[in-house]
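Let me begin by presenting the structure, written as structure tokens, before commenting on it.
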Amino acid sequence: MPKPENFESLTPDQKRQARLDAWINHEGIEFKDPGAENSYRERARLFADVFQMKKPARVPVAIATGFAPFHYAGYSCKDAMYDTDKLGKAMKKFHVDFMPDTAASAGLYVPGQVLELLDYKLYHWPGHGVPENTSYQCAEAEFMKADEYGAYMSDPSDYFIRTYLPRVMGALGPWKELPPFTDLLELPFIPWGMLPFGLPHIQETFKKLMKAGELSLEWAGKVAAIDNDIVTSLGLPVYQGGFSKAPYDVIGDTLRGTRAMMLDTFRRKKEIIEAAERIVPFMVRMPYGAYRWGSSPTVFFPLHKGADSFMSPKVFKELYWPSFKAVMLELIKDGMIPFLFVEGSYNQRLDLITDPDIPAGSTIWYFDKTDMKEVKKHLEGWACFSGNFPSSLLKTGTVDQVKEHCTQLLDDLAGNGGYYMVNGAVLDEMNPENLHAYVETVKSYR
Amino acid sequence: MSQELIDLVVDMREEEAVKLAEKLLDEGVEPLSLLDDCRTALGIIGDRFAAGECFVPELILAGEMLRQIGAMVKPRLAAGGGEEQKKLGRIVFGTVEGDIHDIAKDIVVFMLDINGFEVMDLGVDVPVAKFVEAVKEFKPQVVGLSGFLTLAYDPMKNTVQALVDAGLRDSVKVMIGGGQMDDQVAAYAKADAYGKDAMAAVTLSKGWVGAK
């Protein structure tokens, strides 16, 4: 199902429908056998129905997968990020054994060698700052200083090249000496602008970048093969498409860090609002990097710094929501589907997020610890919702507890469609019996 | 006591609060009374937090105001002056092995401290043996285990078990908290309780040491 020639003249609803149809009809995928193809279509259809708030033939079930496949296969978290053979084996085994209705991409487990080569500082990863059997974790710092909002806003790309990247990647440290590329105006200026690139320590940064590029390319090829094998042999669609972030989270997660950002909400309110607005077009552009016609049109947003305990509803409305909403509306206009992962809880925000400017059926809301009965009350008929199966139960509960909790959630939430099951937080550890019970209870629920 | 200072801190008016503290000190107000005012203000902020009327950023800014005012007061305290506040009890606190998250832990430690506990903060990614050693040395009534990830479940369980093995479990109450923790995990780790936030940790600890 190729992209319609008149795509640009379609309405947002029609665009979304066309993108979902192309996904269900798997443009560009060749299956290992007809059974897998049918199974893929059926499952993609279940999700597409749910996303559009229809009642699916049965409630689909997903597993938000952290490092669980590696523990399960007897490998370490470090293996996941350093050994693509083990990565492939663990991902395949996990999907074959548990068969959720959607496949998790191996692309989540990025190559440790590349991070090492770049001396990346925003995260610690297995064997590099955290133990080998622990997932990667954010090691926030003030990579952007409090008085640099202005510099960032005046030219975000220049700020990234000459200030942010040299701080967050040790290998690019010398880039702080580079002149701005906007100086390369006319013939007389060219050689002067080139001078720094002749210096050995600057050249070294490019050698490292080229090596990181080669390693990433090699890794990406292997990851694509792993994903393709799972999708085409098991018939599991990948429902998570592109990636973006709420602009406030770009400032809070990437640039300033949680603590500094919280102080900024008192001290630098105006600058936060302006910077968040400045970030909107970048976050609208970002998901298209991973999108091709026929892949899932969902755009995954992990939402962090706007959670209940992190700010008041008033501050959420003023500082977090407007720029975030602007990004969503632009994507919705183009038929893309914002897929919002609410980490922590949004119990105090449910009336705020159900904003009448956001068209019904155009977003997916995935909750971590929000009260799901309240979610249903607020979101039903406006958007698809999912989540809050406690990951703690999959590790520490009994099989009966898991079945009971699944059934309770399904009874409470699934009746009118627009709902699918997924655990609330990415799963690093679990009891395999519990995870089987989780998947099977949902699949057999009618 | 300066009601004005208390109000400014409670209302999150940082600049004015710090300026007023400076002015009061210049006027010769007893330096320790400023710290008492800050503590009073933080008590009110803590209550508001527990009631869901204010949030983590307010706790962090309050801590920041206390830090700034504290730094002004300190040089003006006569050497050896200023009696130690009577402590309610001792707590050993840390983020468990393999987990490097510190923000929530820092807030809980801060609120426990403000509420009258002597807290030994072991930091993040704390090995099981270090908890055991700290309990032996510091003799706390309470041990607090913080963790953000599902991967913290087993280190929490192992830490509690190590206290059992060292014969120390009966001497302490253990509370857990953080991102993916809940009552289910507390039972799994054989902790005494799960606390959902900083004020819950204060309430639990006060209950265990028999303070109001």
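Counts of other chain beta carbons within 10 angstrom of each beta carbon in peptide B:143-152 average 5. Listed by chain and number, the aspartates and glutamates placed with their C-alpha closer than 13 angstrom to that of A:K376 are A:D351, A:D411, A:D412; residues fewer than eight positions away on the same chain are left out.
List, by residue number, every residue in segment A:401-441 with a reduction of 20 Å² or greater in accessible area between the chain on its own and the complete protein assembly, 1.4 Å probe. Output list: A:A425, A:D428, A:E429.
Sort out for me the Cα centre separation of segment B:1-47 from segment A:184-204, rounded to whole Å. Taking the Cα centre of each part, segment B:1-47 and segment A:184-204 sit 55 Å apart. For the protein assembly as shown, the 222 nm mean residue ellipticity estimated from helices alone, with every DSSP H stretch of n ≥ 4 adding -39500 (n - 2.57) and the total spread over all residues, rounds to -15000 deg cm²/dmol.
Taking packing as the residue-averaged number of other Cβ atoms within 10 angstrom, the listed peptides A:185-198, B:168-181 run from highest to lowest as B:168-181, A:185-198. Simple point charges give the picture: +1 on the Cβ of Lys and Arg, -1 on the Cβ of Asp and Glu, and for the protein assembly as shown a dipole about the Cα centre of about 900 debye.
Are there any residues in segment A:274-321 with a reduction of at least 40 Å² in accessible surface when going from the isolated chain to the assembly of protein chains? Probe 1.4 Å, please list them by number. At a threshold of 40 Å² (probe 1.4 Å), the residues of segment A:274-321 that become less exposed are A:S309.
Legend: residues in segment B:166-212 shielded by at least 40 square angstrom of accessible surface upon adding the remaining protein chains to the isolated chain (1.4 Å probe, heavy atoms) are B:Q180, B:Q184, B:Y188.
Inter-part distance, segment A:7-38 to segment A:291-328, computed on C-alpha centroids, equals 26 Å. Count the net charge of all other residues whose Cβ sits under 14 Å from the Cβ of B:F49, scoring Lys and Arg as +1 and Asp and Glu as -1. Cβ neighbours under 14 Å give a net charge of -3. Ordering B:V109, B:G43, B:P127 by the projection of their Cα atoms onto the charge dipole of segment B:27-146, which places +1 on the Cβ of Lys and Arg and -1 on the Cβ of Asp and Glu, puts B:P127 at the extreme positive end.
The shape of segment A:110-235 comes out prolate: with a ≥ b ≥ c from the C-alpha gyration tensor, a/c is at least 1.5 and a/b beats b/c. Note on the protein assembly as shown: Kirkwood radius taken over Cα pairs, Stokes-Einstein applied at 10 °C and 1.306 mPa s, translational D equal to 59 µm² s⁻¹.
Rolling a 1.4 Å probe across the protein heavy atoms gives segment A:334-446 an accessible surface of 33 Å² per residue.
So, counting K/R as plus one and D/E as minus one, what does the shell of residues with Cβ under 15 Å around A:V168 add up to? Counting the neighbours of A:V168, the net charge comes to +1. Packing, as the average of other Cβ atoms within 10 Å across residues, places the peptides A:207-217, A:45-55, B:28-38 in the order A:45-55, B:28-38, A:207-217, highest first.
Of all DSSP beta bridges confined to the protein assembly as shown, the antiparallel ones make up roughly 10%. Each chain gives up part of its surface: B and A jointly bury about 2700 Å² of accessible area, both sides summed, for a 1.4 Å probe.
For a straight C-alpha distance cut-off of 12 angstrom, the aspartates and glutamates reachable from A:K269 (same-chain residues fewer than eight places away being disregarded) are A:E318. Put a plus charge on the Cβ of each Lys and Arg, a minus charge on the Cβ of each Asp and Glu, and nothing anywhere else: the dipole of chain B about its Cα centre is then about 780 debye. Of all stretches in chain B that contain no GluC sites (Glu not before Pro) in a DSSP loop with at most 11 other Cβ atoms within 10 Å, the longest one is B:85-212.
How big is the gap, in Å, between the Cα center of segment A:67-139 and the Cα center of segment A:363-387? Between the Cα centres of segment A:67-139 and segment A:363-387 lies a distance of 29 Å. Can you find, among A:W175, A:M153, A:G198, the residue sitting farthest towards the positive end of the charge dipole of segment A:110-235, where Lys and Arg contribute +1 and Asp and Glu -1 at Cβ? The residue sitting most towards the positive pole is A:G198. Placing a pseudo-label 7 Å from each Cα along the Cα-to-Cβ vector at A:T354 and B:Q68 gives an inter-label distance of 4.1 nm. Entry comment: accessible area of segment B:3-76 is 46 Å² per residue, from protein heavy atoms only and a probe of 1.4 Å. Here the contact order of chain A, divided by its residue count and restricted to Cα pairs under 8 Å and six or more residues apart, works out to 23 percent.
Suppose R0 equals 25 Å. What FRET efficiency, 1/(1 + (r/R0)^6) with r the Cβ-Cβ distance, do A:M1 and A:S233 give to the nearest 0.05?
Here the calculated transfer efficiency is 0.70.
Taking amide hydrogens as placed 1.01 Å from N in the peptide plane, the amide H of A:R268 sits under 5 Å from that of no residue at least 5 positions away in sequence or on another chain. Between the listed residues B:Y188, A:M336, A:G35, the Cα displaced farthest toward the positive end of the dipole of the protein assembly as shown, a dipole computed from Cβ unit charges relative to the Cα centre, is found at A:G35. As a fraction of the 1.4 Å probe accessible area of the protein assembly as shown, surface on carbon and sulfur atoms comes out at 54 percent.
The values are calculated or read from the model by the stated rules, or taken from the named source; none is laboratory data. Here the structure is a predicted model, which means the values were calculated and not measured. For neighbour counting, all protein chains shown are included, and Cβ atoms are generated from backbone atoms with ideal geometry for every residue, glycine included. For accessibility, only protein heavy atoms count, side chains too; no ligands or nucleic acids. Shrake-Rupley method; radii C 1.70, N 1.55, O 1.52, S 1.80 Å.
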